[in-house]
Structure formats: C-alpha cells, structure tokens
Amino acid sequence: MAVAELSTSYTKTATRYHSSQLSLSSASSRFSHHFRRSFRPTPRTRNATISCSVTSDQVQAQIPVEAESPKGKTCYGVFCVTYDLKAEEETKSWEKLVNIAVSGAAGMISNHLLFKLASGEVFGPNQPIALKLLGSERSIQALEGVAMELEDSLFPLLREVSIGINPYEVFQDAEWALLIGAKPRGPGMERADLLDINGQIYAEQGKALNAVASHNVKVIVVGNPCNTNALICMKNAPNIPAKNFHALTRLDENRAKCQLALKAGVFYDQVSNMTIWGNHSTTQVPDFLNARISGLPVQEVIKDHKWLEEEFTEMVQKRGGVLIQKWGRSSAASTAVSIVDAIKSLITPTPEGDWFSSGVYTNGNPYGIVENIVFSMPCRSKGDGDYELVKDVIFDDYLLNRIKKTEAELLAEKRCVAHLTGEGIAYCDLPEDTMLPGEM
Ligand SMILES: NC(=O)C1=CN([C@@H]2O[C@H](COP(=O)(O)OP(=O)(O)OC[C@H]3O[C@@H](n4cnc5c(N)ncnc54)[C@H](OP(=O)(O)O)[C@@H]3O)[C@@H](O)[C@H]2O)C=CC1
Ligand SMILES: O=C([O-])CC(=O)C(=O)O
C-alpha cells in the first residue's frame with residue numbers, strides 16, 4: 001500500500017485547501033487505497049507547494065489535526081488518516097516515479113496537457129508521475145485551481161503535484177521540463193521586445209534547470225518564439241547536454257500531415273516522413289519533397305506542384321493565425337496533443353523508415369545548416385529519450401532556398417538575444433516579415 005501526503009508552504013492557500021481536503025475526503029474510498037494525504041502550512045509565503053506523494057505503506061488512523069506524521073511532517077485532518085490496505089496488484093508493475101516540470105502551468109495549453117500526462121496516456125499505464133507546476137505571482141491562484149482539478153480527477157498514476165513560482169524549487173530533480181509559459185505579443189509590441197522579454201524568462205529557467213534538474217532532463221520549449229527561447233535556455237544550462245533541448249514544431253508537422261491527407265483524399269495516418277525545417281514561424285518549411293503518402297513520394301500522389309509550393313506551404317505556415325481568427329485564441333488543445341506526440345516520439349522507437357520533426361541544436365547536422373541555432377529537422381529515436389538526425393533526405397533548389405530563408409530568420413533572432421546567450425552585444429535586424437504562426 002502506498003501513502004501520499006498533501007502539504008503546502010504557501011500560507012495564503014492554507015485555508016483554501018480545506019475545501020480541497022473535503023473533496024479528497026469524499027473521494028477517499030478510491031484514494032485511500034493508495035495513499036494518505038497530509039496538510040502542512042509552513043511560514044514561507046512566496047512559494048506554494050502542494051504535493052501528494054507515495055511514501056510508505058504503513059498507516060495509522062485518525063491522527064488529530066496538526067499532529068506529527070511518522071515522516072516528521074505535520075499533517076492535517078483527513079490527510080492524517082491512513083489505511084491499512086494491501087498493495088494493489090497494478091502497483092507492483094509500476095516504474096520508478098518520473099518528475100515532470102511544466103511552466104505556464106495555469107495557461108491554456110497546460111490545461112489540456114496536464115490531464116493527459118496524469119491520465120497515463122503519455123508515459124503509459126505503469127508509469128507513476130510527479131507534476132511540478134511553475135506559475136507566477138499573477139497565476140498562483142489559478143494554479144491552485146489547476147491542482148484542485150488534478151486532485152478531483154483521481155488519477156491513480158498521479159502521485160505528486162507541487163506548485164510554485166520559483167523555478168529553482170519547482171524544477172528540482174525534473175526529468176522532463178515542458179516549458180510553455182511565455183508572454184504573448186501584445187498589440188504594437190516589437191518582436192525584438194518579445195524576444196527580449198521571453199528570452200529573459202527562458203534564460204532564468206535555463207539557469208534553474210542547470211542548477212537543480214536532473215542532468216539528463218529533456219526540455220521541450222513551447223513558449224514562443226520557441227526556437228530562440230530553446231537556444232537561450234540551452235545556453236544558460238551548460239551542464240545539460242545541448243541535445244536534450246527541443247523547440248516544439250510537432251504541431252506544424254501534424255498540421256502539414258493533415259493538409260496533405262486532405263488534398264490526397266486519404267486518412268492522415270497515411271502521411272509519413274513529414275519534416276518541418278527551421279523556425280516555428282511563418283518562414284517554416286513543410287517539406288513535401290521527402291514526405292510520403294501511403295509510402296509513395298507526395299509528388300507521385302499530389303501532382304499539383306503549384307499547390308504544394310504555394311497553398312500548402314502557406315497554409316501550414318499560417319495555420320495558427322487562421323485558427324486565432326476563428327477561435328479568438330491560439331491553438332491550445334492541438335498544441336497539447338502535439339506535445340504528447342513529441343514526448344512519445346522520444347520514448348518510443350520511431351517506426352522503421354519514418355521520422356518526426358523537432359527543433360534541435362544544429363551542431364553536427366549533416367544538412368549544411370549553420371551551426372549553433374535551434375532548427376527543426378527530421379529525427380529518429382530508439383525510444384530512450386534521445387534522437388539521431390535522419391541522413392537520407394533529399395534537397396532541391398526550392399527546398400534549399402526556403403531553408404536558407406528560415407535559417408536567416410533564426411540567425412537574426414539569435415543576434416537579438418546575444419546578451420542572453422553569452423555571445424556578445426545584441427543588435428536586432430529582424431526581417432520585416434518575421435512572424436509567429438499566430439501573428440499573420
Ligand atoms: N510551439 C508551438 O507550436 C506553439 C506555441 N504556443 C505558445 O505557447 C505559449 C503558451 O500558450 P498558451 O498556454 O495558449 O498561453 P496562455 O496565455 O494561456 O498561458 C501562457 C502562460 O504564460 C505565462 N507567462 C509567462 N510570462 C508572462 C508574461 N510576462 N505575461 C503574461 N503571461 C506570462 C503565464 O503564466 P504565469 O503567469 O504563470 O507565468 C500564462 O499562464 C505562448 O507563447 C504561445 O505563443 C502556442 C501554440 C503553439
Ligand atoms: O503564435 C501563437 O501563439 C500560436 C502558434 O504558435 C501556433 O498556433 O502555431
């Protein structure tokens with residue numbers, strides 16, 4: 001049997017969590033089979049930590065309010081009640097707990113992603129997880145709400161939830177860091193300002209990961225501009241292998257697959273080998289030269305070359321913006337799905353002959369792309385969390401020209417943030433048309 005505990009070091013939240021304790025109490029018939037929860041307000045006020053962890057299989061009943069738990073923690077009310085139950089069969093096959101940190105955890109994307117992570121859909125039914133959620137002064141209350149919803153979902157695999165506003169605390173021992181939080185570009189804001197503001201966030205988070213996360217932490221940067229944010233984060237985390245940093249371009253890959261399937265009149269599972277080259281921006285290059293439909297080169301199935309070069313390419317590049325026009329906010333659910341896809345691609349062997357796209361560090365790339373940037377390229381994984389770049393891809397003039405354009409944009413973005421990557425004095429000469437997918 002397992003024991004879990006709920007504690008908080010954010011004094012303002014203490015009272016509020018009474019209600020969540022009650023909700024747990026009413027759910028106790030199920031939770032209690034797994035763990036005991038305790039509640040421990042401490043004097044710290046800036047950082048909130050709410051955790052539910054598997055700690056022991058020994059139990060006592062009805063410890064009074066504010067009593068000392070066997071682990072030396074002060075527990076509270078119903079969370080001190082423990083249950084003497086036999087270990088459930090399923091827990092015997094469980095893997096060691098995986099620590100997953102998520103920034104921007106009170107945002108729209110996270111609101112979809114966290115529940116997928118906790119359900120077991122991402123890491124599998126034998127993989128218990130701990131969620132470490134990073135918010136800010138702005139979002140701490142909302143983050144408590146997120147934590148409460150996670151509690152109320154009774155996910156058996158979700159063994160710990162902690163929330164906080166200090167990345168040096170929240171990222172402790174993280175084995176995955178899903179970095180989603182970023183300031184959206186407001187009306188009239190220069191892209192250089194956006195790069196600087198978000199770059200500062202990612203520089204700080206890189207430093208924090210470097211200091212306290214697992215040294216093999218896998219980092220997926222989602223917050224825009226994600227390629228350059230990933231580069232900044234990586235440069236501020238010299239103890240973590242550069243290869244471990246990814247910028248999310250999986251949503252672009254998924255969008256491209258969908259459009260090709262639609263045009264070819266097939267279901268989208270027939271589209272493979274889809275590379276997105278370059279920046280997660282309107283200069284990205286969805287590669288129809290190497291992609292396949294039902295195992296055939298795309299251009300043998302879709303003969304309309306003009307459509308591929310113009311409409312298809314632009315549709316993928318600007319899909320995010322069209323969605324914002326319709327929805328009134330940027331893609332959240334499909335982005336969360338694509339983060340799940342990106343993680344699964346790293347922890348599952350890539351199917352024979354196929355590959356996936358990810359924004360990764362260009363050093364040592366076989367394509368002649370300039371080194372020292374984060375650029376989306378085709379990758380394969382053995383399922384061990386690592387990846388290799390795919391060597392057997394072909395290029396034509398169209399593809400090379402497009403790749404050059406997105407490369408130039410990323411180099412310009414990099415020059416804007418030189419002060420954050422430790423590469424000298426920044427100056428910003430971004431191409432006029434540099435835009436996020438959502439900004440068209
Ligand atoms: N790579 C990709 O494919 C995609 C990337 N995105 C990007 O993902 C990011 C998150 O999107 P989404 O979840 O929808 O956004 P939301 O606006 O819902 O949430 C973003 C979070 O960012 C945090 N944030 C950090 N710094 C600031 C700041 N200075 N001002 C305001 N908020 C800040 C906020 O959390 P807190 O206050 O807790 O820090 C907020 O909860 C965006 O940058 C978006 O452009 C979106 C779609 C696709
Ligand atoms: O610009 C945004 O925030 C949205 C975005 O990245 C996308 O939809 O691809």
Counting only pairs 8 or more residues apart or on different chains, how many lysine pairs in the range 250-421 have their Cα atoms under 13 Å apart?
4
What nm value, rounded to one decimal, do you get for the distance between E423 and N365 when each label is placed 7 Å out toward the C-beta?
1.2
Please sort by residue number the trypsin sites (Lys or Arg not before Pro) in the range 372-440 whose DSSP state is loop and whose Cβ has at most 11 other Cβ atoms within 10 Å.
K391
Using a cut-off of 14 Å between beta-carbons, work out the net charge of the residues near E300 (Lys and Arg +1, Asp and Glu -1, E300 not included).
+2
Fraction of beta bridges assigned by DSSP in the range 158-312 that are antiparallel (%, nearest 5)
50
Report the full-extension gain for the segment D341 to F267: residue separation times 0.36 nm, less the Cα-Cα distance, to one decimal in nm.
24.9 nm
What's the exposure ranking of W355, W94, going from fewest to most Cβ atoms within 10 Å?
W94, W355
Cβ-based exposure ranking for D341, D392, in which fewest neighbours within 10 Å come first
D392, D341
Around G422: net Lys/Arg minus Asp/Glu count, Cβ-Cβ under 13 Å
+2
Can you give me the distance in nm between label points at D173 and E149, each placed 7 Å from the Cα along the Cα-to-Cβ direction?
2.7
Mind checking the full-extension length gain between S119 and S294? Use 0.36 nm per residue of separation minus the Cα-Cα distance, one decimal, nm.
59.8 nm
Please give me, ordered by residue number, the trypsin sites (Lys or Arg not before Pro) of the range 263-349 that lie in loop per DSSP and have at most 14 other Cβ atoms within 10 Å.
K303, R329
According to a simple spin-label model (label point 7 Å from Cα along Cα-to-Cβ), what is the distance in nm between W327 and L400?
3.8
Could you work out the relative contact order of the range 250-421? I mean the mean sequence separation of Cα pairs under 8 Å and 6+ apart, divided by the number of residues, in percent.
25
Quantify how much of the Cα-Cα distance distribution of the range 159-287 extends past 27 Å, in percent.
31
Give me the extension gain from A408 to A142: residue separation times 0.36 nm, minus the current Cα-Cα distance, reported in nm with one decimal.
91.8 nm
To check my understanding: the extent here is largest minus smallest coordinate of the Cα atoms along each principal axis. What are those three numbers for the range 104-170, in Å, largest first?
34, 22, 18
In whole µm²/s, the translational diffusion coefficient that Stokes-Einstein assigns to the range 299-418, given a Kirkwood hydrodynamic radius over C-alpha pairs, 25 °C and 0.890 mPa s, equals 147
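Rule-based calculations on the coordinates, nothing more; no lab input. Computed from a prediction, not measured in an experiment: that's the story for all the values here. Cβ atoms come from the backbone with ideal geometry, glycine included; neighbour counts cover every protein chain shown.
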